[in-house]
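A short write-up of the structure that comes next.
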Amino acid sequence: MDKCLSTALEPILRRVVHEEVERSLRARIRSFSRSPSLRIQAPQPSTLKLIFPKALTVPIFTGGKIVDEESNQLRVLLVDTRGNQTVLFPSPFKVDIVVLDGDFPLDGRNWSNEEFDRYIVKERTGKRPLLAGELVVTVRDGVGLIENIEFTDNSSWIRSRKFRIGAKVAGGSCQGVQIREAVTEAFVVKDHRGELYKKHHPPTLGDEVWRLEKIGKDGVFHKRLASEGVHTVQDFLKMWVVDHAKLRTILGPAMSEKMWNVTVKHAKTCVMGNKHYVFRGPDYKVLLTPICQLVNAEINGSIYTTHNLSDINRAYLENLVRKAYANWCSLEEIEGISDEIGLLTQGDHPNHQQPMVGSSQYKV
């Protein structure tokens, strides 16, 4: 009887036990899925990145200190991409400064550390390290200062012919924290000897005339101007004021109108300084700017300015200016008059001769 009862109850007991086990397992699974510490999460991209806050000053020459567009030392900042706010990291960390190929795809996307490293450029065989100076920088309170770095080689030997500068967290720093690298815009690095032929912006009066755009050192235009006594930017501007047509003839048809316009526009940005020149005669005294423009004159005891000239007086004074130009070396040089001398009028067209009779309130 008892044996028969046990046999009859066995299926029921098995079903009850099975149901309890299943219920217990489901409860455990639900508990597992609700627990953040136990749930497997997909890796999230970091919101931290390094940046160079300012562009570089270009052109860059080998052996020249690399500075930002405001001529200050470079900085690298740690920021949060969600607001580009500087991040105060819990502790200082090291950053490596490297050279990248100009072809690095700086297109706003997230690149991997491996991709960044593939674009690092090393020195040519037998050359010094490509970048010299302080190449390991400490970032403290979100800011790292980069001092005294310079290129030792130009960029002409790589396919893109351009470099970038990159900053990456040094190995062993910020372990467990992903920080995206900083990358500058691409730029050309020229040999230092190229600086010897560099144009000046703005030019100075004493600059050699080949410092002007479109006039190459020892080139045909340089030689033509030198043969006519035009050696400096001041000489160029004086002739442009006094004899515009002659200056254009000296340069000849080989200098196109477009080139001529560029050269004259560049020359007109020249800073005049605070010097004036006095041309004296038996019954006159003429005050001129450094480029031979008339400021005012005293003739037979009468003062003339550009505001009280008749056509006859203007022609007479322009003749005196031409005489002053022809005898420039004998003129008296005076200093201290600066209010009326600055940059030449930027809006004048290069083919419009600057008038010899300018305007000023100063008197001789």
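The values are calculated or read from the model by the stated rules, or taken from the named source; none is laboratory data. Here the structure is a predicted model, which means the values were calculated and not measured. Counting neighbours? That spans all protein chains shown, and the Cβs are built from the backbone with ideal geometry, glycine included. To get the accessible areas, we keep the full protein, side chains included, count just its heavy atoms, and leave off ligands, DNA and RNA. Shrake-Rupley method; radii C 1.70, N 1.55, O 1.52, S 1.80 Å.
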Within the range 55-70, backbone nitrogen closer than 12 Å to the virtual label 7 Å beyond the Cα of E150 toward Cβ: 61-67
Total lysine pairs whose alpha carbons fall under 15 Å of each other in the range 48-193 (8 or more apart, or interchain): 6
Nearest-10 value in Å² for the accessible area of F93, using the 1.4 Å probe: 10 Å²
Set of lysines with alpha-carbon distance to K275 below 29 Å, sequence-local pairs under 8 removed: K198, K199, K214, K217, K223, K238, K246, K265, K285, K323, K363
Calculated diffusion of the range 45-155, Stokes-Einstein form, Kirkwood radius summed over Cα pairs, 25 °C and 0.890 mPa s, µm²/s: 160 µm²/s
Inter-probe distance in nm under a simple model that places probes 7 Å from Cα toward Cβ, at D218 and V271: 3.0 nm
Counted charge near A182, where neighbours are those whose Cβ lies closer than 9 Å (Asp, Glu -1; Lys, Arg +1): +2
Karplus-derived 3J(HN,Hα), 6.51/-1.76/1.60, for each residue of the range 115-124, Hz, glycine and proline x: 5, 4, 5, 5, 9, 5, 9, 9, 5, 5
Simple Cβ-charge dipole of the range 199-269, Lys/Arg +1 and Asp/Glu -1, about Cα centre, in debye nearest 20: 180 debye
Cut-off 14 Å (backbone N to label point 7 Å along Cα→Cβ of L106), residues of the range 184-222: 184-189
Dipole-positive endmost among V98, L145, A167 within the range 48-193 (Cβ charges, Cα centre): V98
Theoretical gain in end-to-end length, A170 to N72 [0.36 nm per residue, Cα-Cα removed]: 32.9 nm
Kirkwood-type radius of the range 199-269, with distances r between different C-alpha atoms, in Å: 11.7 Å
Local electrostatic count at G166 - Lys and Arg +1, Asp and Glu -1, tallied over other residues with Cβ under 9 Å: 0
Calculated FRET value between Q85 and D117, using beta carbons and R₀ = 35 Å, to 0.05: 0.80
Modelled FRET efficiency - R0 35 Å, A315 with R280, Cβ distances, 0.05 increments: 0.95
Charged-residue dipole, Cβ positions (Lys, Arg, Asp, Glu), the range 48-193 about Cα centre, Debye nearest 20: 240 debye
Amide H within-cut-off set for I165, under 5 Å, with H built and near neighbours excluded: L100, T184
Carbon + sulfur, % of accessible area of the range 172-243 - ligands and nucleic acids excluded, 1.4 Å: 47 percent
Size of electric dipole in the range 237-323: Cβ of Lys, Arg +1 and of Asp, Glu -1, about Cα centre, debye, nearest 20: 320 debye
